[in-house]
Amino acid sequence: MTRYGLRARVITLTLAPTLIIGLLLSAIFSFNRYHDLERQVINSGLSIIEPLAIASEDGLKNNSRESVRRIIGYAHRKNSKFVRSIAVFDYNHDLFVTSNFHPNFESLTFPRNEPIPLLVTSNLNDNTLVLRAPIISESGIISSPRGQQNNPAMGYIAIELDLSSLRLQQYQEIFSAFLVLLTGLGLSGFFAMRLMHDVTRPISHMKNMVDRIRRGHLDVRIEGKMHGELDQLKNGINAMAVSLSEYHVEMQHSIDQATSDLRETLEQLEIQNVELDIAKKRAQEAARVKSEFLANMSHELRTPLNGVIGFTRQMLKTKLSNSQTDYLQTIEKSANNLLTIINDILDFSKLEAGKLALENIPFEFQETLEEVVSLQATSAHEKGLEITLKIDPKVPIGLVGDPLRIQQVLTNLVGNSIKFTERGNIDISVELRSQKEDVVELQFMVRDTGIGISERQQAQLFQAFSQADASISRRYGGTGLGLVITQKLVSQMGGEISLTSRLHQGSTFWFTLRLHATDMPMSELIESQVLNQRSLLLVEPNMQAASITRQTLAQQGLVVTYRSSMPDEVETFDYVLLNLAPNRSNEVGKVEKQVEQALLCAPHVVVGTPSTALALSDHLIQKYQIHCVTKPLSRKKLLQTLAANQESLPEIEIEIPINTETLPLTVMAVDDNPANLKLISALLDERVEHVITCTNGKDAVKQAEARHFDIILMDIQMPHMDGVTACNAIKKTTLNGNTPVIAVTAHAMSGERDRLLKAGMDDYLTKPIEEHVLQQVLMHWSPHTKEDELQKLTIPAQTEVIQQHLISEHSNMIIDWQAALKQSANKEDLAKEMLQMLLDYMPEVSSIVEQALENENFEVEQLIHHVHKLHGSCSYCGVPRLKNVCATIEKALRSGNTIEDIEPELFELQDEMEKVTASAQPYLVESES
């Protein structure tokens with residue numbers, strides 16, 4: 001009823017009972033009266049027919065029709081109002097006599113094939129009632145015994161009654177009941193409306209008053225005289241209005257008071273905010289001064305330390321006595337330890353200031369981790385520790401992230417494990433926790449069997465300049481920054497780090513990272529069928545190392561048999577892999593005996609030696625003409641060594657064929673860096689007929705307007721006019737509108753190729769340029785290459801080249817002479833000349849950097865120009881560390897960072913240039929000799 005108003009509810013509740021009761025009473029009255037009238041007519045008919053049946057006996061018996069007619073005629077006339085006809089029938093159902101003519105006597109007779117009933121029967125139709133009574137002979141009743149079959153009825157009398165007047169009277173009774181019902185409903189409705197008028201008007205008035213109170217008119221009151229509950233409701237509403245008015249006044253007073261208090265609080269907060277802002281600026285200035293101090297101090301300390309380390313290494317190359325060699329090695333080790341501490345402090349200051357930028361580049365995951373293990377192996381093997389690396393086979397080969405920082409995190413954790421472990425294993429494992437599309441979540445774990453850490457000490461591990469206890473620093477050394485830097489690096493890469501440890505039972509450090517998988521093509525280890533189904537005996541005393549090695553070999557299809565030591569009985573295999581434990585028990589005689597046993601078992605023997613046993617490796621190679629690999633075993637080196645042992649196998653590395661014939665092409669090379677331009681020109685001279693060089697974009701456009709070129713190699717970052725602008729200008733010229741323009745850039749970043757191609761470039765080359773890649777590009781874009789040759793031509797994916805360079809760039813070597821030779825087409829004179837040009841240019845860059853650090857108004861663009869030029873030169877000189885620093889600075893400056901923001905990196909750049917200068921002379925001298 002909630003959908004209806006009070007008026008509808010009152011009317012409904014008032015009329016509904018009246019209507020229901022009236023209908024019931026009217027129905028009962030009409031029904032009873034209807035049947036009473038019918039019974040009254042039937043009784044009247046019975047009172048007529050029964051005497052007539054008795055009176056007609058004698059006439060029917062004596063066959064006196066006249067006497068019977070007089071009797072029934074008299075009865076008909078006497079009851080003519082409702083009697084239509086009276087007829088007498090004999091026992092054969094034939095009409096004996098009737099009071100009047102009837103059109104259808106059949107309706108008055110019984111069916112002829114049925115006996116005459118001995119009781120009065122009736123037959124009611126719509127407007128007629130037929131009564132039939134038997135005429136029974138008295139003598140028949142007396143003479144006939146009970147139960148005889150003879151019927152005593154002589155005949156029967158039938159009377160037809162007219163019910164029209166009865167029906168009219170019945171309808172009158174029903175109509176009267178209906179009128180009474182309507183009268184009752186009308187009276188109920190009248191009283192209900194009267195009640196509604198007396199109730200709803202006051203209620204509506206009170207509703208309007210309540211609505212006004214709701215809108216804020218708290219001074220209104222309900223007036224007028226009311227009765228009963230309505231009067232109580234009126235008084236309640238008025239009392240509520242009074243209470244609301246008083247509460248409103250009190251609340252307004254409270255609001256005014258609270259507003260006043262809030263205004264005072266805001267004024268105090270404003271004062272506090274000003275004080276906090278001043279304190280924040282002071283703290284920022286203090287942090288800047290601290291960072292600047294740390295950067296300056298690290299620079300000032302590293303400069304002489306680099307000199308000490310460099311000249312110590314030079315002295316170690318000279319002829320020295322044993323004691324002098326020992327002293328110099330101690331000096332070098334101490335200086336390196338001090339340099340590590342200084343680098344930790346610098347990294348910590350960068351992380352604390354939020355200035356450490358992460359790379360996002362493709363890299364080969366397993367090789368990146370194997371580099372860490374290889375670098376840490378010497379320290380582990382010197383203490384007799386076995387170090388292992390296990391990578392989940394489900395981890396993708398190629399990932400995108402910052403390999404250098406991943407290596408730094410692992411190096412810190414593995415270094416700590418080695419430092420605090422005296423015997424046992426250092427086990428590194430990587431598991432794939434989840435992979436959704438190209439996003440992989442990895443869990444790295446470093447387990448050791450060292451001294452362990454108590455729960456109380458674990459709470460202090462990730463605090464700066466703190467260690468488990470004071471004795472740790474005295475016994476093992478260190479700054480207490482390693483784990484803090486590790487934690488911050490992991491957090492910055494989107495992961496988390498933790499540990500589980502028990503005192504005297506070892507520790508397990510683990511951290512997680514989210515990286516992106518890449519479909520970048522990676523280098524194949526060997527042909528898949530080379531080692532398939534070959535038998536190999538693996539001899540490895542360490543169970544953990546044996547399990548990992550077996551998994552690696554089994555994945556390549558080898559059938560591996562494992563033994564912890566060389567078996568006494570001779571068994572036949574294709575290979576024997578004999579791994580030596582990293583301890584002092586590897587006496588030459590014992591090892592030789594094991595090798596001789598291995599040679600009896602297989603024609604091809606590979607010995608895995610600790611990284612501290614290089615002399616033993618050389619001895620075994622010279623004496624037995626076998627292969628030795630350094631532990632921990634690199635997957636790639638191990639499989640290539642096994643494949644190289646098999647004489648019948650195809651070559652492991654498949655070189656891309658290079659067409660050495662000179663192509664009939666005219667090529668223009670554009671680069672603002674003289675060293676880069678010289679190398680590109682040298683590479684092109686061997687491959688094309690004519691080479692034109694330009695040092696900037698404007699000159700290139702002028703040359704393109706003057707003559708036609710078959711191909712143009714265009715540097716991107718150039719002063720005055722960059723490569724993209726020059727490319728678009730050349731495309732508008734008449735002579736070179738369709739000439740392919742190949743972008744040449746040192747930026748090996750993801751998405752760089754697509755960006756340059758969309759900008760108008762036709763293809764893309766990454767510095768340093770690989771010879772076979774250059775040859776393939778020239779042949780691909782040459783107008784003289786035939787269609788069938790073009791279809792067979794496969795241009796190596798630039799991402800592979802990028803990946804190779806990125807791996808080399810993250811090398812720890814100051815000068816990678818092998819990379820320099822490779823980048824100079826294996827021309828030693830050209831490599832020497834390129835390195836010398838770099839050395840000649842570095843003083844100019846150093847001067848520019850000093851000016852930038854001293855002059856606050858120094859132009860950033862000028863610094864970007866020189867750093868970019870130095871970056872390009874580094875691409876061809878095999879100086880990965882210097883190239884990395886240049887790339888970091890250039891990227892930071894182009895991202896909008898100020899010179900002040902990258903002061904530590906600029907100091908690091910100067911340090912690296914000094915290191916390159918100090919390390920370059922031996923290579924130049926060797927080249928000359």
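Side notes on the structure shown:
- Residues (closer than 13 Å to H381 by Cβ and of a type in the set (G, A, S)) located in the range 586-613: G608, S611, A613
- Selection count where residues are buried (at least 18 other Cβ atoms within 10 Å of the Cβ) and basic (K, R), scope the range 679-700: 1
- Subset tally (residues that are within 18 Å of Y764 (Cα to Cα), assigned to a strand (DSSP E or B) and β-branched (V, I, T)) for the range 660-703: 2
- So D427, is it at pLDDT 80 or above and surrounded by fewer than 18 Cβ atoms within 10 Å (Cβ to Cβ): no
- Within the range 9-23, the set of residues being closer than 14 Å to L179 by Cα and among the hydrophobic types (A, V, I, L, M, F, W, C) comprises L19, L23.
- Residue list for the range 835-848, restricted to those being among the aliphatic types (A, V, I, L, M) and free of Cβ contacts under 8 Å to residues at least 60 places away in the same chain: I848
- A Cβ distance below 7 Å, combined with a sequence gap of six or more or placement on separate chains, defines the contacts here; from the range 69-91, residues that are over 20 Å from T109 (Cα atoms) reach residues that are among the aliphatic types (A, V, I, L, M) and in a helix (DSSP H, G or I) in the pairs N79/I48.
- Across the range 700-728, the number of residues qualifying as among the acidic types (D, E), out of contact with any strand residue (DSSP E or B) (no Cβ under 7 Å at 6 or more places or on another chain) and within 21 Å of I864 (Cβ to Cβ) comes to 1.
- From I159, I142, I174, residue being closer than 24 Å to A55 by Cα, at pLDDT 80 or above and among the hydrophobic types (A, V, I, L, M, F, W, C): I159
- Selected residue (criterion: modelled with the highest pLDDT) from residues of the range 795-845 that are in a helix (DSSP H, G or I), buried (at least 17 other Cβ atoms within 10 Å of the Cβ) and of a type in the set (S, T, N, Q): Q823
- In the range 80-99, residue farthest from S164 (Cα to Cα) [restricted to those that are at pLDDT 80 or above and polar (S, T, N, Q)]: N92
- Here L218 fulfils each of the conditions (1) over 60 Å from the mean Cα position of the chain (by Cα); (2) not in a helix (DSSP H, G or I) apart from (1).
- Some residue of the range 454-477 being at pLDDT 60 or above and touching a Pro at 6+ places or on another chain (Cβ under 7 Å): no
- Of all residues making up the range 383-426, the number that are more than 27 Å from A613 (Cβ to Cβ), in a helix (DSSP H, G or I) and aliphatic (A, V, I, L, M): 3
- Residue match in the range 57-67 (condition: over 27 Å from L168 (Cα atoms), hydrophobic (A, V, I, L, M, F, W, C), surrounded by 12 or more Cβ atoms within 10 Å (Cβ to Cβ) and touching a residue at least 12 places away in the same chain (Cβ under 8 Å)): yes
- Of all residues in the range 849-878, those that are at positive phi have Cβ atoms under 6 Å from Cβ atoms of residues that are charged (D, E, K, R), 6 or more apart or on another chain, in G878/D816.
- Test: residue in the range 887-894 that is over 42 Å from the mean Cα position of the chain (by Cα) and of a type outside the set (K, R): no
- Breaking point among (1) modelled with pLDDT of 85 or more; (2) surrounded by 11 or more Cβ atoms within 10 Å (Cβ to Cβ); (3) not aliphatic (A, V, I, L, M), for Q284: (1)
- Selection within the range 20-35 - surrounded by 12 or more Cβ atoms within 10 Å (Cβ to Cβ) and at pLDDT below 80: G22, S26, S30, R33, Y34
- Criterion: assigned by TED's automatic domain parsing to the domain that holds Y764 and under 26 Å from I889 (Cα atoms) - qualifying residue of T733, T745, T739, T693: T745
Let's see how each residue does on (1) modelled with pLDDT under 80; (2) buried (at least 17 other Cβ atoms within 10 Å of the Cβ); (3) not in a strand (DSSP E or B):
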| position | (1), (2), (3) |
| --- | --- |
| M1 | yes, no, yes |
| E50 | no, no, yes |
| A53 | no, yes, yes |
| I71 | no, yes, yes |
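The values are calculated or read from the model by the stated rules, or taken from the named source; none is laboratory data. Just so it is clear, the model here is predicted, and its values are computed rather than measured. Note: ideal-geometry Cβ built from the backbone for every residue, glycine included; neighbour counts use all protein chains shown.
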